[in-house]
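Taking it in order: structure first as structure tokens, then the write-up.
The values are calculated or read from the model by the stated rules, or taken from the named source; none is laboratory data. Remember, it's a predicted structure, so these values are computed and weren't measured experimentally. When we count neighbours, we look across all protein chains shown, and the Cβ atoms used for this are built from the backbone with ideal geometry, even at glycine.
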Amino acid sequence: MTQASVLFEVQDGCALVTLNRPEKLNSFIPDMHARLREALAASAAREDVRAVLLTGAGRAFCAGQDLGERVVAPGAPPPDLGQSLGTLYNPLVRALRTLEKPVVCAVNGVAAGAGANLALACDIVLAGRSARFVQAFAKIGLMPDSGGTYFLPRLVGMARAMGLALLADSLGAEDAARIGLIWRCTDDAALMGEARAVAAALASGPTKAYGAIKESLYASPHNTLDAQLNLERDIQRELGRTEDYREGVAAFKEKRAPAFRGR
Ligand code: T3D
């Protein structure tokens, strides 16, 4: 029986999504794209999912495109990488960024090529100490894609973005956390426990506020202060009408923990 290339399970408000081609370092083939898209669509649609945790099976998080599918026989036409990005990779990055629920990424091993940038598209990225991030593209004659040229300079500045992209060196998880590429580096053995705890905390939080935080922070780099102030005003007006806001204020006054329901 063939194994599913992406595993999806929901527990206690959290969807655990696992890239599952460990023998190929969880590199992407079209089936894995389709399954991951389905998992993200289900996470968006299901009310019982209030946070997503993305990780990889085996020793890698994801090695990007499966290069076995990109070997061109002499005389054969080259693959249309633009089509691949437009129809497969870009929709995934957009789905992660526009999902109105927080996405935690547990980088359990090497994250290379589009695999590295898929991780950077997530909202909170934790990585085990032995994990590493490789903008491997230039080594095969490409440039960073799947949002790499967008995320890198915004997260770590142009000098580091340029170094990572041009040199295509491995960046260890500790250094990735130190320079602000990711949220936190953990011991390998503690990674999934910590990532699950973060996802569980988010899954019991004010989901609409989290969606609003994503929308406004991701809009911020493109906006003037005026535009951002207006966006905050408009979104906060909506949040002020939610059940979770009413509950948060009541819980504060009653000196108890709030019971947010994501509404
Ligand atoms: O094509 C399009 O549609 C456009 C979009 C492109 C997006 C992209 O992601 S392009 C970039 C593709 N990815 C890479 O270039 C990464 C290639 N892999 C590596 O650089 C290294 O393997 C790693 C840094 C990921 C890991 O290094 P290491 O030393 O830990 O492992 P290894 O020995 O290199 O690899 C282990 C095995 O996995 C090996 O197979 P073997 O020799 O044991 O049979 C290796 O060939 C295989 N493998 C690793 N990455 C890929 C892969 N097989 C297919 N595709 C891969 N991406």
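For segment 10-28, the set of residues classified as assigned to a loop (DSSP other than H, G, I, E, B), more than 10 Å from the ligand (Cβ to nearest atom) and modelled with pLDDT of 95 or more consists of Gly13, Asn20, listed by residue number.
When restricted to residues that are under 14 Å from Ala112 (Cβ atoms) and either buried (at least 17 other Cβ atoms within 10 Å of the Cβ) or in contact with a Phe, Trp or Tyr (Cβ under 9 Å, 6 or more places away or on another chain) (or both), segment 153-180 contains 8.
Applying a threshold of 6 Å to beta carbon distances and a minimum spacing of six or more residues, or different chains, the list of pairs starting in segment 170-185 at a residue that is in contact (Cβ under 8 Å) with a residue 40 or more places away in the chain and ending at one that is more than 16 Å from the ligand (Cβ to nearest atom) and part of a helix (DSSP H, G or I) reads Leu181/Leu155; Leu181/Val156; Arg184/Ala177; Cys185/Glu174; Cys185/Ala177.
Kindly establish whether Ala212 is assigned by TED's automatic domain parsing to the domain that holds Ala119, at pLDDT 95 or above and buried (at least 16 other Cβ atoms within 10 Å of the Cβ).
Numbers: assigned by TED's automatic domain parsing to the domain that holds Ala119: no; at pLDDT 95 or above: yes; buried (at least 16 other Cβ atoms within 10 Å of the Cβ): yes.
The answer is no for Ala212.
Restricting to segment 123-141, and then to whatever is among the aliphatic types (A, V, I, L, M) and touching a Gly at 6+ places or on another chain (Cβ under 8 Å), can you tell me which residue is farthest from the ligand (Cβ to nearest atom)?
Within segment 123-141, the match that is farthest from the ligand (Cβ to nearest atom) is Ala131.
Please give the strands (runs of 3 or more DSSP E) falling wholly within segment 29-110 in which 1 or more residues are in contact (Cβ under 8 Å) with a residue 40 or more places away in the chain, farther than 13 Å from Cys122 by Cβ and more than 10 Å from the ligand (Cβ to nearest atom).
Working: elements: 51-56, 60-62, 103-107.
Where strands (runs of 3 or more DSSP E) fall fully within segment 29-110, none carries at least 1 residues being in contact (Cβ under 8 Å) with a residue 40 or more places away in the chain, farther than 13 Å from Cys122 by Cβ and more than 10 Å from the ligand (Cβ to nearest atom).
Residue pairs, Cβ under 7 Å, 6 or more apart or interchain, first in segment 135-156 and in the same structural domain as Leu92 (by TED's automatic domain parsing), second modelled with pLDDT under 95. List them. That search, which allows pairs on different chains as well, returns Arg154/Pro221.
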